[in-house]
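The values are calculated or read from the model by the stated rules, or taken from the named source; none is laboratory data. Just so we're clear, the structure is a prediction, and the values are computed from it rather than from any experiment. Here the Cβ is made from the backbone with ideal geometry for all residues, glycine too, and neighbour counts use every protein chain on show.
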Amino acid sequence: MCGSVPLAVLTRRTFPYMRSQTDPSGLDALDLSVAKQLRHWIELNFSIDNLTDKRYFETQNFFESRIKPGDPVTARIHVTPGYPITVTGGVTFRLSKKD
């Protein structure tokens, strides 16, 4: 299949988390991936994650925590922000055939 250029456009759905009543998150992140096989043993890869640079949250956890030792324990929503637009390139070398 040398000569073909597979192109993939993928969506990642993040759940509709609510950090607060006025700040809903949970957007679809759009990813783009291209690969070009130059020979049977070498391939170039290129991808852009979060192509539209959407703001979203990767994870959300609701648990009790405190800001600093000695403060009262408070139930809070803890979130991990998603990555901004990210560009990655690479080269794949195949040392043997796949089984």
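Couple of notes before you dig in:
- In segment 20-39, the residues that are more than 30 Å from VAL5 (Cβ to Cβ) form Cβ pairs under 6 Å with partners that are of a type in the set (Ser, Thr, Tyr) and modelled with pLDDT under 90, at six or more places apart or across chains, as follows: SER25/TYR17; SER25/TYR56; GLY26/THR14; GLY26/TYR17.
- Meets criteria (part of a loop (DSSP other than H, G, I, E, B) and either within 26 Å of the chain's Cα centre (by Cα) or farther than 12 Å from ALA8 by Cα (or both)) for LYS68: yes
- Members of segment 39-65 that are assigned to a strand (DSSP E or B), within 20 Å of THR80 (Cβ to Cβ) and acidic (Asp, Glu): ASP49, GLU58, GLU64
- Candidates THR86, THR59, THR74, filtered to the one that is modelled with pLDDT of 90 or more and among the hydroxyl-bearing types (Ser, Thr, Tyr): THR86
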